[in-house]
Amino acid sequence: MNAPMHLAPLLGLIAVWLMLGAAGLVQPRSTGWVARVLFPLGALVALGVAAIGGAALADGFAPERWVLPLGLPDLPFHLRLDALSGFFLALLGVAGAGISMFAAGYFREGEGTAPGLLGLQYHVFLASMALVVLADDAYLFMVAWETMALSSYFLVATQHRIPEIRRAGFLYLLMAHVGALALLLCFGVLHGGSWEMTFDAMRGGALPPAWASVAFLLALFGFGTKAGLVPLHVWLPEAHPAAPSPVSAMMSGLMLKTAVYGLLRVGMDLLSGGAWWWGLLAMALGLGSAMFGAVFAAVQTDMKRLLAYSSIENIGLIFTGVGLAMLCRAFGMHALAALALAAALIHAFNHALFKSLLFLATGSVLHATRERSLGKLGGLIRRMPWVALLALVGTLAIAGLPPLNGFVSEWLLLQAFLSTPAIPHAFINMIVPLGAAVVALTAALAGYVMVKFYGVIFLGQPREPSLMHAHDAGWLERIGLAWLALGCVAVGVLPQVALDATAGVTQALAGTALQRGPAPWWIAPVATAQASYSGLWLLAGMLGVVAVTFVLVRRLYHGRVRRTPPWNCGYPWLTPRMQDTAEGFGQPIRRIFGPVFRIEREVPSPTDSAPRYRIRIDDRFWHALYLPIVGAVRGVADAVAVLQRGRLAVYLLYSFLTLIVLLVFVL
Amino acid sequence: MSALPFATQLLHVLAAGLLLLSFAMLTQRRTRRLVVLLAWQGAVLTASTLLIAATAHLPHLYWSAALTLTVKVGLLPWLLLRLVRRLGVERDSEPLVNVPTLMLVGLALVIFAFGLAQPISALATTVTRQTLGIALAVILLAFLMLIARRTAVTQVIGFLALENGLFFAATSTTYGMPMVIELGIALDVLVGVFVFGIFFFQIREQFDSLDLQHLEALKED
Amino acid sequence: MNPHAYAFVLQLGEAVLAVALAPLLVGWVAQCRAWLQSRSAPPLLQPYRTLRKLFRKDAALATHASPLFRGAPYVVFGTMTLSAAIIPSVTVDLPLAQVADAIALVGLFATARVFIALAAMDIGTPFGTLGARREMMIGFLAEPALLMVLFNAFLLFGSTALPTVVEGTLRAEGFALHPSLAFAGVAFVMVLLAENARIPIDNPATHLELTMIHEAMLLEYSARHLALMEWASWLKLFNYICIGFTLFAPWGIALHGAEPAPLLLALLALVAKLACAGAVLAVIETVSAKLRLFRAPEFLSAAFLLAVLGLLVHLLLGT
């Protein structure tokens, strides 16, 4: 066994997180102590975690193991640090640092839970996520997983006095537990009767194919629930908006990724690939989620719900990549599997960056305006230039535009799809390339969604007079946002660095690493003649052309500007209410994808003296899938409730009868 | 990478053209243009039959090409156009399903047909074997058109497109059917169109419209 | 001259050529349209005059316009120029084509679109937001359709780099017919019309408020900003047509940028092809009528599905 050179300091850092959380309880009501002192320290710790995680990604890093003398007797905690956990630790650390910095400036007096308690929950949440990716036995994994679920539940329910938030929290808790149950069953199948709970034993144990498939399906269900895969997504658009913005950022940016980690760990590592239809299933669900998320995001009118649906879309894309990798690996196409896997991993990293950035930006907007309905925002670019600028970076990145990071992962995913016709199977080689069409459509829809998001919040005229008093974010918040925006630019400009970071993982899970590009800013993952892309040069080219154009226009002509009222086709009485609302901007999507939605509309008649327009767009899954389940559960519960008599004698009779029945069976 | 002989490539292009025309027919709303597209389909069919005749040296296929030309490019479209003009059904109403959905279903059918044809065409030995999938797809698409249209005239057009697909399947897999059968089919189709034409006038007399929804009223409850 | 510097000069030359020729192409299309519609045509060089006039004027800017609004024309123009540099219109010897392949090209177009739409929303006029919404609606369907069209070519030549596609076609032994490209071709023309605000989706000549798309977004622009936006939209048309050439008619493009003779030939071929393409575009615009706005998604989804169909046909036939 290696000396835990990396694991020991890592564990120390996680312990520091927990201590920081506990330190908040010293003065639980003091925002200054908790937010301004403890959270920045937490951000530093996160950087340390990222550094150690990054070290595990280096070439030739041998997995480190450590058995902790904690836990139950005979069931000690096993830890393991390998490339896969290293990658997700790096993701956690990098994005977590930005979120913690922002949170330091964000939390204020008098918002629901006391700041000290909030700090504790927050840091426990971070630590449990780190432990999830480090766990090397099912026991520790489940303990960390449940801690993660519970701490995030408390964070979601921070403002528990509002009934909708309590309801959202409950739904989240319920779904988290249904998912956890599936995972428990999954590990129950995985140990294969040996009752060895370490991952090593599960990796070695050869399950019969049928049981392996059962385990995979359970894992897909369990992790899919956490990730918000359609149709298990219903909790996500409720819980994300309910939570305070840094928590939404953590949940969307980081927690969803632990589900991706889990699926990779169980599906590709413990079960080592498996049948091809596993990958196809994961891919189909991923593509469905991506489409669904994008379409629903386009019609949302609450900025955080919009981002939540966009998370479903991005998770869908990540699962598409994972599924494609599994599919290709099952057919023995290792290079292709590595490409798809790298695309999925980098997209996971990117999503952690830009989604956190955008959620945090909505937090700043929320603080500045007390509004989260898109219909009441607008024009904030003039009041909050910093937030607007940094959010613009996130917006362009999430829309998948070059030379930012979102484009890199989309590019890799499309490249992977391009090679799929070589799959040696008659139907699959035709169906799978169509995935590229869905990915392209989703990416374009994401552009639509993000123009709506940015345009309605930051551009145009303020839709409410109170917005004129909005103020820009404080400097701690700005640091957090800028850190994440910088990450978006860095990954976009230096794509090969990101690709290198995935090399260890693809080597372990897909059996091969990708071809290295010619330079850190230049990727050519398959063959240079086939495809290459360089973010840095593209950025340089764009900046160069823009600069030359600007200078030429100024030199050859002039830069004179006259400020006038807007032209507006000559109509002078322009009011903010004449702008498109968020509903209006989503209208084409609502019309094109009409059957997807469940729409309730209330349209005024032409003669109404007090016209009222109301529209409500619902998720069909909720009505077609969940409400029947709720009904069925309630029916069963009612049936069982017959047993409840309220008399002690009857209850004693039940116990007595049970005893008799057991005696008859056992003896 | 062009290992295939030129004639085969040309045949592939013609097959692809046939499929393209099928999709165009699926989305076309105007009856008159639908007839024109049908005529084009006939023309492509003629060309492909000629091509197969020339490459495989099968003289009887020249006859069937000539037959296709006269019946499917000349006679039938002329009859149908006359019918459309006399009946005054220049414009079809909206298809039962909206057009993008229709195309999506069509695409699924194409995948189905292609997937189905892949193993079969691997067995066949003719130079044209790969086009079987397309022929199958053309047949299925014509069927889809029959299902999705409302008016009677378009039903006939769909029926004829179906026949085109069958004919193409026959020529591409087995170098065509015996001449007697082909003549018989041509005659059948011709008579069928005449009968349909008479029916149309009857239907219109009865219901003042060619919308097939009115026929639903004939059902006994 | 060392080869790197030479390649750089070629690269620069191609971009400058595109920027210089784009207004001419638009002038030519306008002239063809006028002839076909029995109107007296505007001069061929009219677009250049328009540009000069606009550049000379003082820019009138709405009082609350943000820096995004002022910066967008430069970004959009820059992106389009950069795209022009990536597309092998004269020669395949382009260093930038390795920096950004065709997927990145689609990404660049998307960047330009997003910036135009954002700038249109900045002032907060009803027409601006209306135009932005419509443009994004067209875009989200046209962009994947274009990508699928390109995929058809990628699958044929096993590369997403446009120069490789061109070389693949030009170096192919014998004459190769690709049925999948027939589908891709039809789809491409549809995308081209939609993306460049042409009939049947939009009318480049209209200022009729309720039907316009592209013009609606530029309403608040004036003078040099408007000039850059217009120039960028012309460049976009030029770029699209050149993409069409690389995919479907790469004849004449110089395989070696080293000698001047093939380059000159390539230049002549390009001008001839552009003249033909412009005339064809004018014919299409003359014979078709503008679609209702909500037929546009139908039109574009048809293009998208046709391109996908091409992919399937390719997979079936293996050519």
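The values are calculated or read from the model by the stated rules, or taken from the named source; none is laboratory data. Everything numeric in this text was worked out from a predicted model, so none of it was measured. Positions of Cβ are backbone-derived with ideal geometry, glycine not excepted, and every protein chain shown enters the neighbour counts. Heavy atoms of the whole protein, side chains included, go into the accessibility calculation; ligands, DNA and RNA do not. Shrake-Rupley method; radii C 1.70, N 1.55, O 1.52, S 1.80 Å.
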#### Entry: Rounded to whole Hz, the Karplus (6.51, -1.76, 1.60) HN-Hα couplings of segment C:71-88, x for glycine and proline
x, 3, x, 5, 4, 5, 5, x, 4, 5, 5, 4, 4, 4, 6, 7, 7, x
### Query
What value, in deg cm²/dmol to 500, does the helix sum -39500 (n - 2.57) over DSSP H runs of n ≥ 4 give at 222 nm once divided by the residues of chain C?
-24500 deg cm²/dmol
### Query
Per-residue accessible area for A:VAL640 at 1.4 Å probe radius, Å² rounded to 10?
80
### Lys, Arg +1 and Asp, Glu -1 on Cβ, resulting dipole of chain A about Cα centre, debye, nearest 20
2020
### the protein assembly as shown: antiparallel DSSP beta bridges as a percent of all, rounded to 5
80
### Query
Summing +1 for each Lys or Arg and -1 for each Asp or Glu, what net charge is found among the other residues whose Cβ lies under 13 Å from the Cβ of C:LEU147?
-4
### Query
Which whole-number percentage describes the relative contact order of chain C, with Cα contacts under 8 Å and a sequence gap of 6 or more?
30
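Do you know the relative contact order of chain A, to the nearest whole percent, from alpha carbon pairs under 8 angstrom that are 6+ apart? Write down the numbers at each step before the final one.
Working: 1127 pairs, mean separation 79.2, N = 667.
Computed over chain A, the figure is 12 percent.
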### Residue-level accessible surface for C:THR79, protein heavy atoms, 1.4 Å, Å²
0
#### Entry: Point-charge dipole on Cβ atoms (K/R +1, D/E -1) for segment A:296-451, about Cα centre, debye to 20
500
#### Entry: Per-residue [θ]222 nm for chain A (sum of -39500 (n - 2.57) over DSSP H runs n ≥ 4, rounded to 500)
-21000 deg cm²/dmol
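Any idea of the total accessible area buried by the A-C contact, 1.4 Å probe, rounded to 100 Å²?
Rounded to the nearest hundred, the buried surface is 6600 Å².
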### Task
Over segment A:254-345, calculate the relative contact order: mean separation of alpha carbon pairs under 8 Å at least 6 apart, over the residue count, as a percent.
31
#### Entry: Span from the segment A:59-129 Cα centroid across to the segment C:275-319 one, whole angstrom
52
### Message
How large are Rg and Dmax for the protein assembly as shown when calculated on the C-alpha trace, in angstrom?
### Response
32.1, 107
### Task
Determine the sum of side-chain charges near A:ILE599: Lys and Arg each +1, Asp and Glu each -1, restricted to other residues whose C-beta is under 12 angstrom from that of A:ILE599.
+2
### Task
Show me A:375-382, A:353-360, C:237-244 ranked by packing, highest mean number of other Cβ atoms within 10 Å first.
A:353-360, C:237-244, A:375-382
### Query
Largest first, how would C:GLU167, C:GLU230, C:GLU259 line up by accessible area (1.4 Å probe)?
C:GLU259, C:GLU167, C:GLU230
### Message
So for chain A, considering every pair of alpha-carbon atoms, how many percent are separated by more than 46 Å?
### Response
20
### Query
Taking the simple approach of a point 7 Å from Cα along Cα-to-Cβ for both A:LEU44 and B:THR101, what is their distance in nm?
6.1
### Summary
Amide H neighbours of C:ALA62 at under 5 Å, excluding residues fewer than 5 places away on the same chain, with H built from the backbone geometry, are A:THR564
### Task
Step through the table entries C:LYS53/C:LYS290; A:LYS226/A:LYS257; A:LYS257/A:LYS452; A:LYS226/A:LYS452, compare each Cα-Cα distance with 21 Å, and write down the pairs that go over it.
C:LYS53/C:LYS290; A:LYS257/A:LYS452; A:LYS226/A:LYS452
### Query
So what's the net charge close to A:ASP472: Lys and Arg +1, Asp and Glu -1, counting the other residues with Cβ under 11 Å from its Cβ?
+2
### Query
Which ³J(HN,Hα) values, rounded to whole Hz and listed in residue order, are derived for segment A:423-436 from phi using the Karplus coefficients 6.51, -1.76 and 1.60 in 6.51 cos²θ - 1.76 cosθ + 1.60 with θ = phi - 60°, glycine and proline given as x?
4, x, 7, 4, 7, 5, 5, 9, 6, 4, x, 5, x, 4
## Note on the structure
Heavy-atom accessible area with a 1.4 angstrom probe orders A:TYR139, C:TYR48, most exposed first, as C:TYR48, A:TYR139
### Task
Can you tell me the order of A:463-473, C:210-220, A:303-313, A:15-25 when each peptide is scored by its average per-residue count of other Cβ atoms within 10 angstrom, highest first?
A:303-313, C:210-220, A:15-25, A:463-473
## Note on the structure
Any chymotrypsin sites (Phe, Trp or Tyr not before Pro) in segment A:148-205 that lie in a DSSP loop and have at most 14 other Cβ atoms within 10 Å would be A:TRP195
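With every protein chain left in place, what is the accessible area per residue of segment C:229-319 in square angstrom, probe 1.4 Å?
I get 34 Å² per residue for this part.
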#### Entry: Solvent exposure, largest accessible area first (probe 1.4 Å, DNA, RNA and ligands not counted), of A:LEU181, C:LEU25
A:LEU181, C:LEU25
### Task
Just grab the label-to-label distance for C:TRP251 and A:LEU627, each label 7 Å out from Cα along the Cβ direction, in nm (one decimal).
6.4
